[in-house]
Amino acid sequence: MNGFIDPFETKIGEKQTFSLTITNEKPIKKAEILWKTDKKETTVPMKLVEGTHTNGRWEAVWNVDDTILYRLYIVATATDENQNGRYELSLR
């Protein structure tokens with residue numbers, strides 16, 4: 001699994017994109033990102049933008065509505081028919 005955030009540093013009101021390449025034996029049915037920032041938690045659905053449901057790049061775009069000075073914690077969830085897949089990233 002590979003992922004990136006563009007741009008990494010943002011200000012309130014700017015857009016931020018999280019991209020994740022997911023490879024799975026069974027097709028991914030649903031993918032989403034939970035952004036945990038300084039004071040809020042926001043869930044954003046991911047969309048398949050390249051490839052297939054078994055080997056593809058998924059993206060979530062959100063409008064930054066909280067600061068990330070102290071905390072930026074991301075939980076990516078990608079589920080297949082067996083409800084498998086949870087990935088946690090702590091960036092601050």
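The values are calculated or read from the model by the stated rules, or taken from the named source; none is laboratory data. Note that the structure is predicted; figures quoted are calculated from it, not measured. Using ideal geometry, Cβ is built from the backbone for each residue, glycine included, and neighbour counts are taken over all protein chains shown.
Some points to look at:
- Output for region 30-60, where each listed residue is surrounded by 15 or more Cβ atoms within 10 Å (Cβ to Cβ), within 9 Å of the chain's Cα centre (by Cα), assigned to a strand (DSSP E or B) and at pLDDT 90 or above: Ala31, Glu32, Ile33, Leu34, Val44, Trp58, Glu59, Ala60
- Residue match in region 65-80 (condition: under 11 Å from the mean Cα position of the chain (by Cα) and exposed (fewer than 15 other Cβ atoms within 10 Å of the Cβ)): no
- Within region 6-29, if we keep just the residues that are assigned to a strand (DSSP E or B) and either among the acidic types (Asp, Glu) or free of Cβ contacts under 8 Å to residues at least 40 places away in the same chain (or both), the residue that is surrounded by the most Cβ atoms within 10 Å (Cβ to Cβ) turns out to be Thr21.
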